[in-house]
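**Student:** Here's a structure for you.
FYI, it's all coordinate maths here, none of it is from the lab. Here the structure is a predicted model, which means the values were calculated and not measured. For neighbour counting, all protein chains shown are included, and Cβ atoms are generated from backbone atoms with ideal geometry for every residue, glycine included.
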Protein chains: 2
Amino acid sequence: MTSPVVLVSNRGPVSFTEVDGELVGRRGGGGLVSGLAPLVAGTDTTWIAAALTPGDRLAASEGVIDAADMRVRTLDIDPTTLRLAYDVVCNSTLWFLHHGLHDLSRRPLFDRSWAEAWEAYRDYNQQFADVVAAEAPEGATVLVQDYHLALLGPRVREHRPDLTTVHFSHTPFAPPHLMRVLPTDAATELLEGMAGHTTCGFHSPRWADDYRASCREMLGHDVPTFVSPLAPDPDDLRAVAESDACATAFDRAADELGDRQVIVRVDRIELSKNLLRGFRAFDRLLHDRPDLREQVVFRSLGYPSRDGLPEYLAYRQEVEALADVVNRRWATDGWTPIE
Amino acid sequence: MTSPVVLVSNRGPVSFTEVDGELVGRRGGGGLVSGLAPLVAGTDTTWIAAALTPGDRLAASEGVIDAADMRVRTLDIDPTTLRLAYDVVCNSTLWFLHHGLHDLSRRPLFDRSWAEAWEAYRDYNQQFADVVAAEAPEGATVLVQDYHLALLGPRVREHRPDLTTVHFSHTPFAPPHLMRVLPTDAATELLEGMAGHTTCGFHSPRWADDYRASCREMLGHDVPTFVSPLAPDPDDLRAVAESDACATAFDRAADELGDRQVIVRVDRIELSKNLLRGFRAFDRLLHDRPDLREQVVFRSLGYPSRDGLPEYLAYRQEVEALADVVNRRWATDGWTPIE
């Protein structure tokens, strides 16, 4: 018999809306949910996540809900705590740090408001830990997702030593010279939090190595890790590829493109995606290869992301301005940019 | 008998000026020269460096010159080659890379003009290699200084296998995840150039480790390194400390400061010096510790550096604006900021 599973993440697999006094759950998006939901649907796994919408907050008071073929438990965290933990610590600090995106001579700033945000992050992790400790079946394996919940393991195991806790990072991990950018107290607490899980998983050996190197340097000991890839569900992809909608879109694209070649990219408008260099590379391609002009269509589908953060607003402006420059330079008669 | 020594660096120990048709050499500044010149003065060491002033260019045609108790050979490199190699590759790319200072979602850009600058950097290294090969005594040890001359070793040894070449970095070294930011060809050539020396030295074990890790990952083999500190000459420091000028300045400062405490920092206005965080830290100190207000004087002596580079102009503006904010917030009657 395998042990029961509890999955924990900031964003859950289902988004709830109140319709005529009834809570309706719909499967949400994002890479983590796309990758994990097909593995969880139809099983006894309980998925615990933060309430992100008003409907999610209503759902929180009802405990575990069956929705979209999953067992979902949402967690109503005070909006200020959630904002400080999610926007300031997770998105503006840890995401940037793990991806090496900070302009380090200027950012991050560890001022009084950051210290307050770090307290919120600890509180957010504690609230998750309390719910996991209350909900997890005896002997369960708790699968903790991503840097939002780095402190969960030791907080859960303090009250529930029967549980196995596995942390998995869907991002790179900061090597020692970047971990040292954090205030020493926070860096140590973060690494001790990760190391307080039974084991920690990463998508690539390099990222596991960087995490282990940071632990060796800042905690003084080695830690267990494992490496596992995660991809979209092939059956999901196949169903989309074989759908009528896909065939229609394909025919329309074929009509429009004729015998021209096409480059497609799909990204969140996000600093780690290298959109600026991608557009410059296309610009250079057309400069260096006159034979390809009017013969290649570059379609970039970028969707805005984390628009509440100034870094993302600035980046989006730069991306749009550069796309405009490339369009003006190479677009020919009869061509219109896609909005 | 020890082997003769040839020292090679971009900036030499002596700056030449033409006075009444005669070349006059004066000892120059900078950390590298302050650290090494006292070790070299009065020995048979030949110091080979780029000509940076009109006087240096005149000196270049005269071969080895005895000046300021040293044997100096300047190298007249075409100004465009020097500018591309020094400003674009050394200062804007390698310095930023080795210090982790790039805002990586935007910089560096590897466009056509960068490729041209990289060619200039190779040419600059080749010209140094030719002069070293021509000037170095049989069996000499060639001490190559810093990232400006990373490609020297193999180019020298191709014609002079009798020479021992030692490369020394007075900076950090980019770990693998930063070396991968460079175009692969350039990164490989740079590491092969370093590894083509008999050995490579660094100031700290961490920087030697980062260099070795980059070589293992990109060249596929381990390389020899050594670690050695370098400090200002204690006799030089002692002479300054015991001088009348120092005593006078100390008395004047004591009069001005009275029984207040003083914090002094001396920096080039340079992105790696963390000036912005330093000023913010002082601002926070006075905020958190009312007892220290009017009791502490913070004197920051920052001198402009690399003003030809836009990154430095921008940083200098930010530093000056922040100093102004801190001064306005805390300065009290009778106090004037120091220009």
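**Student:** I need the peptides A:87-96, B:281-290, B:80-89 ranked by packing, meaning the mean over residues of other C-beta atoms within 10 angstrom, with the highest value on top.
**Tutor:** Sorting A:87-96, B:281-290, B:80-89 by mean packing, highest first, produces A:87-96, B:80-89, B:281-290.
**Student:** Separate question: Over region A:175-300, what is the relative contact order in whole percent, taking alpha-carbon pairs under 8 Å and six or more residues apart?
**Tutor:** Value for region A:175-300: 20 percent.
**Student:** Angle check, please: helix B:205-219 long axis (alpha carbons) against the longest principal axis of chain B (alpha carbons), in degrees 0 to 90, nearest 10.
**Tutor:** Roughly 40 degrees between the two axes.
**Student:** How much net charge surrounds residue B:140 when only the other residues with a Cβ under 14 Å from the Cβ of residue B:140 are counted, with Lys and Arg +1 and Asp and Glu -1?
**Tutor:** Residues near residue B:140 contribute 0 overall.
**Student:** What percent of all Cα-Cα pairs in chain B falls into each 10 Å bin, going from 0 up to the bin containing the maximum distance?
**Tutor:** With a bin width of 10 Å, the distribution comes to 5, 21, 29, 24, 14, 6, 1.
**Student:** Let me ask something else. Using mean Cβ contacts within 10 Å as the protection proxy, how do B:201-207, B:26-32 order, highest first?
**Tutor:** Put in order of decreasing packing, that is B:201-207, B:26-32.
**Student:** How high is the relative contact order of region B:241-339, in percent, counting Cα pairs under 8 Å that sit 6 or more residues apart?
**Tutor:** 34 percent
**Student:** Sort out for me the Cα centre separation of region A:171-204 from region A:40-77, rounded to whole Å.
**Tutor:** Each part's Cα centre sits 28 Å from the other's.
**Student:** Got a sec? Charge dipole of the protein assembly as shown, +1 on Cβ for Lys and Arg, -1 for Asp and Glu; which of A:327, A:315, B:191 is way out at the positive end?
**Tutor:** The residue sitting farthest along the positive end of the dipole is B:191.
**Student:** Would you mind telling me the antiparallel percentage of the DSSP bridges in the protein assembly as shown, rounded to 5?
**Tutor:** Given both bridge residues lie in the protein assembly as shown, the antiparallel proportion sits at roughly 20 percent.
**Student:** Calculate, for residue B:217 and residue B:240, the FRET efficiency according to 1/(1 + (r/R0)^6) with r their C-beta to C-beta distance and R0 45 Å; round to the nearest 0.05.
**Tutor:** For residue B:217 and residue B:240, the calculated efficiency is 0.50.
**Student:** If I model the protein assembly as shown as equal point scatterers sitting on the Cα atoms and use the Debye formula, what is log10 I(q)/I(0) at q = 0.05, 0.06, 0.08, 0.09 Å⁻¹?
**Tutor:** Taken in order of the listed q values, log10 I(q)/I(0) reads -0.33, -0.47, -0.81, -0.99.
**Student:** What's the angle, to the nearest 10 degrees (0 to 90), between helix B:31-40's Cα axis and the longest principal axis of chain B?
**Tutor:** Computed tilt is about 60 degrees.
**Student:** What average number of partner chain Cβ atoms lie no more than 10 Å from the Cβ of the residues making up B:264-275?
**Tutor:** Counting other chains' Cβ atoms within 10 Å and averaging over B:264-275 gives 1.
**Student:** Highest first, please rank the peptides A:190-197, B:304-311 by the mean number of other Cβ atoms sitting within 10 Å of their residues.
**Tutor:** So the peptides A:190-197, B:304-311, ranked by packing, come out A:190-197, B:304-311.
**Student:** While we're on this one: With +1 assigned to the C-beta of every Lys and Arg and -1 to the C-beta of every Asp and Glu, and no other charges, what is the dipole magnitude of region A:73-224 about the Cα centre in debye, to the nearest 20?
**Tutor:** In total the dipole reaches around 380 debye.
**Student:** How far is the Cα center of region B:107-160 from the Cα center of region A:7-21, in Å?
**Tutor:** That distance is 61 Å.
**Student:** Placing +1 on the Cβ of each Lys and Arg and -1 on the Cβ of each Asp and Glu in region A:11-146, which of A:45, A:101, A:114 has its Cα farthest towards the positive end of the resulting dipole?
**Tutor:** Going by the charge dipole, the pick is A:101.
**Student:** Follow-up. Can you give the extra length, in nm with one decimal, that the chain gains between residue B:293 and residue B:18 once fully stretched, where that is 0.36 nm per residue apart less the Cα-Cα distance?
**Tutor:** So the extension gain works out to 93.8 nm.
**Student:** In terms of the Cα gyration tensor, with a ≥ b ≥ c the square roots of its eigenvalues, is region A:193-299 rounded because a/c is under 1.5, prolate because a/b exceeds b/c, or oblate?
**Tutor:** In terms of gyration-tensor shape, oblate.
**Student:** Determine the relative contact order of region B:76-163: mean sequence separation of Cα pairs under 8 Å and six or more apart, normalised by residue count, in whole percent.
**Tutor:** 34 percent
**Student:** Here's another thing I want to ask about it. If you fit an axis through the alpha-carbon atoms of helix A:112-135 and take the longest principal axis of the Cα set of chain A, what angle between them do you get, 0 to 90°, nearest 10?
**Tutor:** 70 degrees
**Student:** Counting Lys and Arg as +1 and Asp and Glu as -1, each charge on the Cβ, what is the dipole of the protein assembly as shown about the Cα centre in debye, to the nearest 20?
**Tutor:** For this selection, approximately 200 debye.
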